[in-house]
Structures are given as structure tokens and as C-alpha cells.
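A short write-up of the structure that comes next.
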Amino acid sequence: MRIRLANPRLALWFFVVLSVLLLGAGLGWRQPLNVDEERFLGVALEMLQNGAWFIPHRAGEIYADKPPLFMWTVALFVQLTHLPKVALYLPALIAGAVTTGCLYDLGRRLWRRRVGVISALLFLCTYQSYSILQTGQIDGFLALWTVLGIYGLCRHLLLGPDWRWYYLACAAMGFGIISKGVGFLPALMLIPYAYAARKGWSGVVAMPSGSTKKWWLGLLVALAAIAVWLLPLLVIVAQGSTDSVAYAQEILFRQTASRYANAWDHREPFWYFFVQVIPKYWIPILFMLPWLVPAWRKQLLRHDGRVLVLLGWVVLVLVFFSISTGKRKLYIFPAVPALVLVSAPLIPWMLRRWFSNRPKGRTVFVSLTVLWLCAWCVRGFVEPRLEGINPHESMMREVAMATQNADLVLVDWREGHWVFAQQPLVHFGFKDTQPLEHSVMWLRIHPKAFALVPAQDMSRCYDPQKARSVGDTSRAEWFLVGADADNGQCQAALPDKAYRFAWQTPL
């Protein structure tokens, strides 16, 4: 496909704008619908409300699952736009634009301009790009730091030496780590690079002797980026707060190494990504593999270091996440930009092989690409209209009216109940083991309050005849009960800590 933009900088901005138009389709209509989006938007809004920037909270309780950089960014965009439901999606949109621009520029520099064009278009055509970058999840934001790490390392290892780009890559990895623990992944690129450089493969840069200190300086740059969050956190911990110490232990140890080695959620077999994710989310690259794999083999036999570094990194990322017991489809998205970059140079060759008449092949390629991109753009506008508003939003408005904004006790709640709450909330911890019994005891002490409980096991403590159904969300039917619905069958001591929370400005 020919984009007639002779000026590389003009072409770069063309693809950046194209990515914003495609990935931003439907922005403003999208609603936070899944639990991740609800959670991260809520944490960001609570940061703005309580000013606790270094230790995030969820409905007043410390939230220790993820570092805070993504939530900081969402909070920043909330402040700039005053539109929380738009601000949530802007980090991933920016990440998509930067990734597209970086792929165009790397393809142009590593091979030629046409490869840069194909790299940008192939990334925008890949299903997982839309699956991740049109959502309000951390992995879309992580893509920003991942691609900057890849870009900086490629400029240094394959086009350098250029220590400035190396240090930028290290800083990006540091910020990636305080977005999500796996932000260090671009560093794995050094493994295939070290082999290629040692064996004298073409396409890689041999570093000058005596550069050991420069390499280690990159680690200090990464640590400096991490210190933007970690240093203030350690200062807070040093002040001796029990909650802050528990948070530091959870986020620095249990949610990193422990979760990787022995995940308690999303447990899947080793082959999960290869059987259930790649066949769907790496389309259309998947369809090219019968031709790409033999071509990559020939390039490796010719000792092309560019292919070894990029393709080797893709393999290492897949192995890294496959070894972990916990797996989700979005985990392997960081590998997509490098896979696109190593695939793009072979597409002109595949077109010539598929179509003996070259103009015809180009016409088919252009037509399919345009049709595919248009389809994704239309989907961006249509899908939010079909999904409608979050059912939690409607439910919580109805609950607030029915209870006249009285205190509401949450039982087995989900993030949507908290994010869209219109009234003061009470809960006993997101992972409370006896939430139903605790809600009964609270209502006995506070008879003017109400409780929102799921249908499952409700009759154990409440009279179903005195409960009011308020809707189905989060795979459960929810009922509103007052103190008069207590059937007297449940007895339990109240937990040591009850969390009270109310939005100053409800969504």
C-alpha cells in the first residue's frame, strides 16, 4: 500500500492522526462496563477526593493490587477534561498513537519507508490492538511504556550505539513497572541481542569496549523512574502506619513474585495463549504464519540480527507469561508491536508470491486493508450504542431514590456498586468472609440504614418477602433490605473495622 508522503515526519504524523481517529472512534459514548474499568476509574476519582496519591484506596479501603501510575494519569485527565468517562480511555488512546508512530519510524529506519507504512497499518489492523487500546485498562497504558522501551532499545542495539535512546528506554521501563509490574519486559530484548552481537550477526551494533558503566547507568535511570512512586511510599511506611506497611508488603511482594509463581486468579494451563488467545486476537498476522515462519527461518539462517532480536523477544514474552500460573488474554499484548515489526518486511514478498500480477496484489491488499480499518472504525461507534449505560449506574440511582439516600451496607459487592453510588456506603472490606452476617448486625445497630445483598444465601439472614429486587448485575440478582427484613437467624460479631465512604460528587 502506498502512502504518498515523501516527508517521513509528515508520514509519521499521518499515522498518528489515523490511529487517533480509529482507536478513538466512539470516545464519549463508551461507558466503563467491565470490572477493571470500574475499579481503575473509581480509584482515580477517590485519589482526587482524598488526596492519597501514593497509597490508592477503594471505597475507603487500601487497594494494593496495582501500582498507581495509571490511576494518576486517569486522575490527571479527569482534572483536565472534567469528563471521567472520557478521561478513563485517554491513556490507552495516547499509547496507541505513540505505538503506531514508533512502529512506522522503526520500520522505516530498520528496513525502508514502505516497511514503516506496512508496520503502522498492520498494527492498526490487528484485532488485539482494538481489544486493548479501546478500553480503560492498565494494559493499554502499559503499551505506551513498552513501545518506548522497544523503540529506545532498537535505536541503541540495532541502529546505534545511541546511549540517549537506551536511557530513555530504561526510564520507560521504570515507569512501566510502576504502572504494572511487568513493565521491565523490553529488557528481555538484551538476551537475543547479546547472542547476536557475540556471534557477529548482521543488523546489530557491537558496543564499544569500556561501556560497562554506561550499561549500569541505565539501571539507575530505571530506578529513578520507579522512585517517583516508591520513594514517597517508603517515606510513608517509615512513619510507622500499620496500613501503609501492609500495603507495601502486599504490592511489593505478594502482588509481584508470589502472584507470578502461584496465581490465585485466572489460572490457566501452559498452552492457554497458543490455543485460546493467539488464534483469535492475533488476526490477521495469524493467517500469515504459514509463510512467515519459513521466511523467518531463512532470515535466521542468514544471521539477520534484526529478526533474531525482535522475534526472539516475542518468544521470550510468550514463554514468560506461559510459565506463570495466572493468565489473561491481554497479558501478551506487549509482544504485538515487535511481532508486527518483524512481519511487515515480508508482506511485499508474500503479495508477490500470492499474486503473480503485482498490481492486482497491491489492489487486493489496499482494498482489504481499507475495508478492515473502516469496519473497526464503524464498530467503535456502534458497539457503545448497543451496550448502553452500565447497569450498575441505573441500579444505584434507583437504590438511592428508594432509600432516600440513607446509609447503604454493601454485601459481596462489586466495583460498579461503589463507583456509581449516590449515597453514603458502609462495608467491611472487599474480601470480607461474612458480609451477610455483618450486614445484619449493622442494621440492628443502625435501623435507618439499608443493605444491598445478592439473592444467593439471602434467605439465610433476611426474609425474602420483605426484600425488594433492584436488578441483575455482576451475574447476580440484587435485593434491597431494611432492618425489618431481619429473620433473626444470623448472629455474628461485627468486624474490627467498618469502612464508611461517600462520593462528594457522584457520577
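The values are calculated or read from the model by the stated rules, or taken from the named source; none is laboratory data. What you are looking at is a predicted structure, and each value in this text was computed from that prediction instead of being measured. Cβ sites come from the backbone with ideal geometry, for glycine too, and all protein chains shown count toward neighbours.
May I ask you to list the residues in region 433-455 that are within 36 Å of the chain's Cα centre (by Cα) and not in a helix (DSSP H, G or I)? Those that are within 36 Å of the chain's Cα centre (by Cα) and not in a helix (DSSP H, G or I): Thr433, Gln434, Phe450, Ala451, Leu452, Val453, Pro454, Ala455.
Scanning region 384-397 for residues that are surrounded by 15 or more Cβ atoms within 10 Å (Cβ to Cβ) and of a type in the set (Asp, Glu) yields one hit, Glu393.
For every residue, the table says whether it meets (1) under 30 Å from Gly160 (Cα atoms); (2) surrounded by fewer than 14 Cβ atoms within 10 Å (Cβ to Cβ).
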position: Trp201; (1), (2): yes, no
position: Gly210; (1), (2): yes, yes
position: Leu217; (1), (2): yes, no
position: Trp229; (1), (2): no, no
position: Val237; (1), (2): no, no
position: Tyr247; (1), (2): no, no
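Of the residues making up region 93-108, one or more are among the small types (Gly, Ala, Ser) and under 19 Å from Ile177 (Cα atoms).
Within region 471-482, the set of residues being at pLDDT 95 or above and either loosely packed, with under 12 Cβ neighbours inside 10 Å or closer than 16 Å to Asp407 by Cβ (or both) comprises Leu480, Val481, Gly482.
From Phe54, Phe14, Phe40, which residue is in the same structural domain as Ile150 (by TED's automatic domain parsing) and either basic (Lys, Arg) or over 20 Å from the mean Cα position of the chain (by Cα) (or both)? I'd like the intermediate steps shown before the answer.
Details: Phe54 fails: either basic (Lys, Arg) or over 20 Å from the mean Cα position of the chain (by Cα) (or both); Phe40 fails: either basic (Lys, Arg) or over 20 Å from the mean Cα position of the chain (by Cα) (or both).
Just a single option satisfies the conditions, and that option is Phe14.
Scoring Ala52 on the criteria (1) of a type outside the set (S, T, N, Q); (2) in a helix (DSSP H, G or I); (3) more than 25 Å from Phe333 (Cβ to Cβ) leaves a single failure, condition (2).
Report yes if some residue within region 188-195 is under 19 Å from the mean Cα position of the chain (by Cα) and in a helix (DSSP H, G or I); otherwise report no. Lay out the reasoning, then the answer.
Initially, region 188-195 is screened for residues under 19 Å from the mean Cα position of the chain (by Cα), giving none.
No, the conditions are met nowhere in region 188-195.
The set of residues in region 455-507 being polar (S, T, N, Q) and either within 30 Å of Leu41 (Cβ to Cβ) or touching a Cys at 6+ places or on another chain (Cβ under 9 Å) (or both) consists of Gln456, Ser469, Thr473, Ser474, Asn487, Gln489, Gln504, Thr505.
Total residues in region 409-424 satisfying the condition of being crowded, with 23+ Cβ neighbours inside 10 Å, of a type outside the set (Val, Ile, Thr) and under 17 Å from Leu507 (Cα atoms): the figure is 6. Each residue in region 399-432 was checked for being in contact with a Ser or Thr (Cβ under 7 Å, 6 or more places away or on another chain) and in a helix (DSSP H, G or I), and 1 of them qualify. Being at pLDDT below 95 and touching a Lys or Arg at 6+ places or on another chain (Cβ under 8 Å) is a description that applies to Pro348.
When the residues of region 86-114 are filtered to those that are without any contact (Cβ under 8 Å) to a residue 60 or more places away in the chain and charged (D, E, K, R), the one that is nearest to Tyr151 (Cα to Cα) is Arg109.
Criterion applied to Leu316, Leu289, Leu339 was being closer than 24 Å to Gly176 by Cβ and surrounded by fewer than 22 Cβ atoms within 10 Å (Cβ to Cβ), and the one residue passing it is Leu316. When the criteria are applied in full, Val399 meets the requirement of being more than 29 Å from the chain's Cα centre (by Cα) and assigned by TED's automatic domain parsing to the domain that holds Ala449. Being closer than 30 Å to His156 by Cβ, outside any loop (DSSP other than H, G, I, E, B) and polar (S, T, N, Q) is the filter here, so list the residues in region 207-250 that pass it. Within region 207-250, just Thr212 meets the criteria. Whether a residue is among the aromatic types (Phe, Trp, Tyr) and at pLDDT below 95 was assessed, and Tyr167 does not pass this test.
Just one residue in the set Thr369, Thr363 is assigned to a helix (DSSP H, G or I) and either crowded, with 16+ Cβ neighbours inside 10 Å or touching a His at 6+ places or on another chain (Cβ under 7 Å) (or both); that residue is Thr369.
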